[in-house]
1. Would you order Met135, Met1 from fewest to most other beta-carbon atoms within 10 Å of each residue's own beta-carbon?
2. When the helices in the chain are scored as -39500 (n - 2.57) per DSSP H run of 4 or longer and the sum is shared across all residues, what 222 nm value do you end up with, to the nearest 500 deg cm²/dmol?
3. Could you give the dipole magnitude of the chain about its Cα centre, charging the beta-carbon of Lys and Arg +1 and that of Asp and Glu -1, in debye to the nearest 20?
4. Compare Asn51, Asn168, Asn239 in a GNM of the chain, Cα atoms joined below 10 Å, and give the one with the largest fluctuation.
5. Taking R0 as 25 Å, what FRET efficiency do you get between Ala207 and Asn168 from their Cβ-Cβ distance, rounded to the nearest 0.05?
6. Mean-square fluctuation check for the chain, GNM, Cα pairs under 10 Å: which of Arg189, Arg47, Arg179 is largest?
7. Take every DSSP beta bridge with both residues inside region 2-239 and express the antiparallel ones as a percent of the total, to the nearest 5.
8. When you have a sec, figure out the Kirkwood radius of the chain from all distinct Cα pair distances and drop it here in Å to one decimal?
Amino acid sequence: MLGIVPAAGRGSRIQPLGFSKELLPVGSRLDGQIERPCAVSEYLVRRMKRNGVDRICFIIGSGKSDILEYYAAGYEEAAAIFIAQPYPIGLCDAIFRAAPLVTPDETVLVGLPDTIWFPEDGFCRLADDRLSFLMFPVDRPELFDAVLLDENGHVEQILVKQPDAATNWVWGAFKMPGRIFHELGALWRQRDGLDEYFGTLINAYLADGGEAYGVRAGTAYVDVGTFNGYRTALRLLENNGGAEHEVPPMFTGRDHSPEHSLPREGA
């Protein structure tokens with residue numbers, strides 16, 4: 001099982017940091033009996049591990065060797081793999097660089113490393129045998145990719161950064177079997193790699209007869225790539241006793257600038 005972590009973005013909304021935004025300390029973790037700072041990307045990696053990934057592929061860009069150094073030894077029992085994305089030109093370009101690692105019969109998980117979300121077992125609530133999105137309620141869906149579902153949970157359309165979105169449920173992570181990953185990669189290449197946002201690619205996939213599902217299991221979603229988001233994340237964890245347990249649904253993603261950050265999409 002492979003987890004893909006797109007981490008090639010510049011993170012301009014929260015710079016200057018002096019290090020990659022994915023290593024921004026948010027909260028803490030226990031290292032044996034010692035409490036240590038926790039990098040924001042560890043929350044995603046930990047959630048992937050909880051679902052059973054044994055390999056984690058980090059897509060990194062120029063100047064992000066600190067991510068390689070941080071995760072070089074892997075994470076717990078999961079091995080770390082690093083692939084370069086020379087230019088941060090979109091989530092699709094980032095995740096499909098992992099294609100040579102993906103076998104058709106394995107499960108692929110994808111999440112955004114500058115977010116913190118609950119429940120911790122969110123990936124586990126998605127089926128392994130279909131393309132499915134973990135969805136979260138937010139206050140400003142126009143800054144995200146909102147997901148329209150039918151009564152059976154099938155995705156009808158992804159509303160990519162659309163004003164007056166018809167729903168406040170947005171995707172925050174997704175899972176699929178390797179064969180669908182490769183189908184999407186082939187479709188993206190057929191479209192000349194012009195889809196920067198994953199949502200526009202999914203809309204083309206649906207129009208071509210593909211299927212996707214949404215699961216409204218998310219209770220909290222915070223983008224830590226902005227200062228307000230960073231403060232919200234600290235409050236979320238503080239109100240949660242500094243540990244990762246279930247949190248009340250009032251903590252939902254609030255502050256997401258439409259600035260290009262592979263916006264709530266990616267690296």
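Here, each number is a calculation from the coordinates, and none is a lab measurement. Because the structure is predicted, anything quoted here is derived from the model rather than measured. Cβ: placed from backbone, ideal geometry, glycine included. Neighbour counts: every protein chain shown.
1. The most exposed by this proxy come first: Met1, Met135.
2. -6500 deg cm²/dmol
3. Computed about the Cα centre, the dipole is about 500 debye.
4. Sorting by GNM fluctuation, first place goes to Asn239.
5. Working: r = 24 Å, r/R0 = 0.97.
E between Ala207 and Asn168, to the nearest 0.05, is 0.55.
6. Judging by the Gaussian network model, the answer is Arg189.
7. 60 percent
8. Numbers: mean 1/r = 0.0547 Å⁻¹.
Averaging 1/r across every pair of different Cα atoms and inverting gives 18.3 Å.
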